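Reading through the C-alpha cells given below for one structure.
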Amino acid sequence: MSISKFAGLAVLATASIFALTGCAAGTPAAEESAPASAVDAAAAALLPAEFLDGVSVASDIPYAPMELFDENDMPTGFDFDLSQAIAGKLGVTFTFADQDWDGIIPSLQSGTHDIIMSGMNDTIERQEVLDFVDYFSAGFAVVVAKGNPDAINSFADLCGKTVAIQTATAQIDLINAVNPSCATKIEVLEFPSDGDAQNAIRAGKAVAGVNDGQVAAYTAQTAGEGEYFEVVVPTDAPEGYTSVLTGIGVLKANTGLTAAIQAAVASLIADGTYTTLLEKWNLGSFAVAEATINGTK
C-alpha cells in the first residue's frame, strides 16, 4: 500500500466516516464453520439473535499480514484467522468479504456487512460512527539486516544513517519528524516500491527501512524465508507517530454484537489462542493485554 493505514487516518476518516451512501459492493471470499467444541457459552449468550445465522466481515484485501489472498485466491492473514477463532467462540459462521477501503464503513451502514476487520485503527473520529473492540497495537517499526549489525534499537539510532523507504508514504513524514532531534540528520533514499527499499538494505545502501509495524513483521518473516531481515519496534516515536489501537469496527447501534465480540476476544486471550495466532504471523510485539472497547481516548 502506498499510504499506511496507520498514518493516513485524517484522509481516511474524511473519506469514509461521513459517507452514508455509495458503498462499494463487497465480494464474499471465504466462509468457515465454527468448531462447536470451541464455543464459549458466556460469550455466545451475548450474541443477538439476528446474528445467529452468521456475521459478515468486511476487509480490504490485501494488507499483509493482516489480510491477504493465498495461492488459491482465498483469504488468509491474522485478521482472517482471528475472525474464524471469534466465530468458534460464538458458535456461528463468520464470512470474510473483500471490500474496498473507501466503502468499508458505508458497507456496514447499508447492511451489506456487519463488522470490519481490516487493520482499522481505533480513532476518536471513527468512534463517532463505530464502536471498536481493540485487539492490536499498531505503529511503525524498523526493518534491519539480520543480526542488526548497526545496533538500531530506536528511531534516534537512525540519526546520521541512511534509510530506505517507499516514496509517497507516511514513513517519510515520520523520519522528517525525527530529524530535528538529530545532530546529524537521517538520509532518506526513496524507492518506487517497498520491495526496492528492501533490496537497498540487502545491498548495504541503507542500514534500515521504516514501515507499518505489521508490514515490517511480515517482511522479516517472509523475505528469504526469514533469512534477510529482522524487526525493531522503537518506543521513541515523535508525537503523532506513536502506536495506536486497532479494532474490530461495529456500528454503534449494534451494542449486543460488540459485547459478544469483546467477550470472544477476551476468551481467546485467556486461553492462549490469541497469542498463538500472533506468533503465527510474527506479530507478537503488537499484542494487547485486554480487549477494550474504544480504548483510544
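The figures follow:
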| read-out | value |
| --- | --- |
| Residue match in segment 225-237 (condition: over 28 Å from G160 (Cα atoms), modelled with pLDDT of 95 or more and not in a loop (DSSP other than H, G, I, E, B)) | no |
| Count - residues of segment 66-83 that are open to solvent by 10 Å² or more (accessible area, probe 1.4 Å) and either over 23 Å from D212 (Cβ atoms) or touching a residue at least 60 places away in the same chain (Cβ under 8 Å) (or both) | 5 |
| Some residue of segment 119-127 being within 30 Å of D40 (Cα to Cα), open to solvent by 10 Å² or more (accessible area, probe 1.4 Å) and at pLDDT 95 or above | yes |
| Close pairs (8 angstrom Cβ cut-off, 6 or more residues apart or separate chains): over 19 Å from Q214 (Cα atoms) in segment 141-157, surrounded by fewer than 15 Cβ atoms within 10 Å (Cβ to Cβ) and hydrophobic (A, V, I, L, M, F, W, C) anywhere | D157/A151 |
| Residues (in contact with a helix residue (DSSP H, G or I) (Cβ under 6 Å, 6 or more places away or on another chain) and either open to solvent by less than 10 Å² (accessible area, probe 1.4 Å) or closer than 24 Å to E279 by Cα (or both)) located in segment 94-106 | F94, F96, Q99, I105 |
| Strands (runs of 3 or more DSSP E) enclosed by segment 63-151 - at least 2 residues per element that are farther than 20 Å from L52 by Cα | 130-138, 140-145 |
| Residue ID - least open to solvent (accessible area, probe 1.4 Å), chosen from residues in segment 265-294 that are in contact with a Phe, Trp or Tyr (Cβ under 8 Å, 6 or more places away or on another chain) and at positive phi | N294 |
| Positions within segment 140-153 being over 17 Å from D194 (Cβ atoms) and of a type in the set (G, A, S), in sequence order | G147, A151 |
| Counted residues, segment 204-222 - those being more than 19 Å from Y63 (Cα to Cα) and part of a strand (DSSP E or B) | 1 |
| Condition broken by Q109, with the remaining ones in (1) surrounded by fewer than 22 Cβ atoms within 10 Å (Cβ to Cβ); (2) at pLDDT 95 or above; (3) under 19 Å from the mean Cα position of the chain (by Cα) satisfied | (3) |
| Contacts under 8 angstrom Cβ, first residue in segment 193-208 being under 14 Å from Q166 (Cα atoms), partner part of a loop (DSSP other than H, G, I, E, B) and open to solvent by less than 30 Å² (accessible area, probe 1.4 Å), 6 or more apart | A197/A206; A200/A206; A208/I152 |
| Meets criteria (more than 24 Å from A156 (Cα to Cα), in contact with a strand residue (DSSP E or B) (Cβ under 6 Å, 6 or more places away or on another chain) and part of a strand (DSSP E or B)) for V288 | no |
| Residue within segment 239-253 that is closer than 30 Å to P48 by Cβ, at pLDDT 95 or above, of a type outside the set (A, V, I, L, M) and part of a helix (DSSP H, G or I) present | no |
| Filter result for E187 (closer than 30 Å to T255 by Cα and surrounded by fewer than 17 Cβ atoms within 10 Å (Cβ to Cβ)) | no |
| Residue tally, condition assigned to a loop (DSSP other than H, G, I, E, B), out of contact with any Phe, Trp or Tyr (no Cβ under 9 Å at 6 or more places or on another chain) and of a type in the set (S, T, N, Q), over segment 152-203 | 5 |
| Counted residues, segment 168-184 - those being open to solvent by less than 80 Å² (accessible area, probe 1.4 Å) and either closer than 14 Å to V143 by Cβ or of a type in the set (S, T, Y) (or both) | 4 |
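The values are calculated or read from the model by the stated rules, or taken from the named source; none is laboratory data. A quick note: this is a predicted structure, and the numbers were derived from the prediction, not measured. Reconstructed Cβ throughout: ideal geometry from the backbone, glycine too, with neighbour counts over all protein chains shown. Just so you know, the surface numbers come from the protein's heavy atoms only, side chains and all, with ligands and any DNA or RNA stripped out. Shrake-Rupley method; radii C 1.70, N 1.55, O 1.52, S 1.80 Å.
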